[in-house]
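Below is one structure, written out as structure tokens; comments come after it.
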Ligand SMILES: Nc1nc2c(c(=O)[nH]1)N[C@H]1C(S)=C(S)[C@@H](COP(=O)(O)O)O[C@H]1N2
Ligand SMILES: [Mo]
């Protein structure tokens, strides 16, 4: 690519701005200018001198080998073993909004189990008119819905409370994925079992548990259960992967990932919360004064620049730079994302790839002319409830330094003149 570092005249910058607004005549005009014979153009290449693979070479396709590093990764020292553990989505290397299942992070409390559709049963009991047991085939006969939602583990960014810790967007923000789910609404199944016996829904709960050894039981208020929860059996058009709960998982849009029970086996309608392990000793927030706060289900608005970032440095020299990232909110749709290149002193409004969707990931872009200046790169999300993503200092005022879960603060990457980037704290 042409080095345009000398050419920073106002007219050049005006041109850049203009062509970007017009939607990308930029590449043709400036970056793709040939500087001499390019063997990749002028010489015959091996891949054009024979034939490629036949149609059945890969009955189920995998990413090409050149993309072999776009994989989930775990951080060894975080957990004692990989059975009760977590890995991270390579968000630094993805674009768009949908997370392919094959690299969507996994969190298991007792490992990923193999449960066939034939062996699958889902029980509804408790305060229902008629306790029911569904087979997998039964579930497929109820009216179906398809909707896209993000799942974020409440522990995402949890290692960053006390200071910048993990060097990469995959590790600081990769406990998230966003898939298009197909299934039936939880409301449909609860109504099938009959809710007359439950009387006033206001003080009722559903207790959900999985078929794995951990069971991962959680209590969900009836209001949420009847609002937008789903029993999903497909993700991104195909069956759920084993690690994401095959054959059936619960979807609890906008709420912490722990409630999205995998390998869902039982739904009990109860008169009170069960106060299980997962909603008492875990997934509660320790506050500044040492007390703990429970029932913090909603994942507040959050965003992160995925590139450039520590694992995705700038490699192309000066000139046009695409800054991109993800934003999401458990309270609604993303309405706006601002980006700062100077640690939050000045903000520019980024472009959303499409209108924000309710409780789903949004992709943002900011196209700049980078002349090698150091940047303190940040993003700040706003959602349809009017909520603005807070700074770490603002969060710490309420939460102190001993929290783990629900860290949705503004993230900073220090980008150096070399194009390399590092996780730093600007609070
Ligand atoms: N049955 C069961 N459901 C579960 C878990 C589990 O260990 N067992 N882990 C929970 C947690 S803490 C999270 S963050 C999400 C992770 O979903 P994923 O593995 O599809 O990313 O599943 C939740 N549901
Ligand atoms: Mo989680």
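The values are calculated or read from the model by the stated rules, or taken from the named source; none is laboratory data. These figures come from a predicted structure and were not determined experimentally. Heads up, the Cβs are rebuilt from the backbone with ideal geometry, glycines too, and the neighbour counts pull from every protein chain shown.
Structure values in brief
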{"read-out": "Scope region 239-253; condition part of a loop (DSSP other than H, G, I, E, B) and buried (at least 24 other Cβ atoms within 10 Å of the Cβ); matching residues", "value": "245, 248, 252"}
{"read-out": "Tally, over region 290-315, of residues that are touching a residue at least 24 places away in the same chain (Cβ under 8 Å) and surrounded by fewer than 14 Cβ atoms within 10 Å (Cβ to Cβ)", "value": "2"}
{"read-out": "Unique residue being in contact with a helix residue (DSSP H, G or I) (Cβ under 7 Å, 6 or more places away or on another chain) and in contact (Cβ under 8 Å) with a residue 12 or more places away in the chain when the list is 348, 411, 371", "value": "411"}
{"read-out": "Residue that is farthest from residue 228 (Cα to Cα) [pool: residues in region 147-195 that are part of a strand (DSSP E or B) and free of Cβ contacts under 8 Å to residues at least 60 places away in the same chain]", "value": "182"}
{"read-out": "Some residue of region 250-260 being away from ligand 2 (no atom under 16 Å from the Cβ) and either touching a residue at least 60 places away in the same chain (Cβ under 8 Å) or under 29 Å from residue 414 (Cα atoms) (or both)", "value": "no"}
{"read-out": "Residue check for residue 204: in contact with a strand residue (DSSP E or B) (Cβ under 9 Å, 6 or more places away or on another chain) and buried (at least 24 other Cβ atoms within 10 Å of the Cβ)", "value": "no"}
{"read-out": "Hey, residue 194 farther than 30 Å from residue 410 by Cβ, surrounded by fewer than 17 Cβ atoms within 10 Å (Cβ to Cβ) and at pLDDT 95 or above or not", "value": "yes"}
{"read-out": "Among the residues listed as 219, 214, the single one being touching a residue at least 60 places away in the same chain (Cβ under 8 Å) and in contact with a strand residue (DSSP E or B) (Cβ under 7 Å, 6 or more places away or on another chain)", "value": "219"}
{"read-out": "Output for region 231-246, where each listed residue is in contact with a strand residue (DSSP E or B) (Cβ under 9 Å, 6 or more places away or on another chain) and within 13 Å of ligand 1 (Cβ to nearest atom)", "value": "232, 235, 236, 240, 241, 243, 244, 245, 246"}
{"read-out": "Residue check, residue 125 away from ligand 1 (no atom under 13 Å from the Cβ), modelled with pLDDT of 95 or more and surrounded by fewer than 17 Cβ atoms within 10 Å (Cβ to Cβ)", "value": "yes"}
{"read-out": "Candidate set from region 130-145 (those that are touching a residue at least 60 places away in the same chain (Cβ under 8 Å) and part of a strand (DSSP E or B)); member that is farthest from the chain's Cα centre (by Cα)", "value": "132"}
{"read-out": "Test for residue 280: is it within 16 Å of ligand 1 (Cβ to nearest atom) and without any contact (Cβ under 8 Å) to a residue 24 or more places away in the chain", "value": "yes"}
{"read-out": "Single residue of region 267-283 satisfying the filter (at pLDDT 95 or above and either crowded, with 20+ Cβ neighbours inside 10 Å or within 16 Å of ligand 2 (Cβ to nearest atom) (or both)) that is farthest from residue 135 (Cα to Cα)", "value": "269"}
{"read-out": "Residue match in region 284-293 (condition: closer than 27 Å to residue 209 by Cβ and either assigned to a loop (DSSP other than H, G, I, E, B) or within 15 Å of ligand 2 (Cβ to nearest atom) (or both))", "value": "yes"}
{"read-out": "Those residues of region 395-427 which are farther than 18 Å from residue 92 by Cβ and either modelled with pLDDT of 95 or more or in contact with a strand residue (DSSP E or B) (Cβ under 7 Å, 6 or more places away or on another chain) (or both), in sequence order", "value": "399, 402, 403, 405, 406, 407, 408, 409, 417, 425, 426"}
{"read-out": "Residue selected from region 69-99 under the condition outside any loop (DSSP other than H, G, I, E, B) and closer than 15 Å to residue 243 by Cα, by the criterion farthest from ligand 1 (Cβ to nearest atom)", "value": "73"}
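Per-residue answers, yes or no, for (1) surrounded by 22 or more Cβ atoms within 10 Å (Cβ to Cβ); (2) over 24 Å from residue 268 (Cβ atoms):
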{"residue": "144", "(1), (2)": "no, yes"}
{"residue": "162", "(1), (2)": "no, yes"}
{"residue": "198", "(1), (2)": "no, no"}
{"residue": "229", "(1), (2)": "yes, no"}
{"residue": "237", "(1), (2)": "no, yes"}
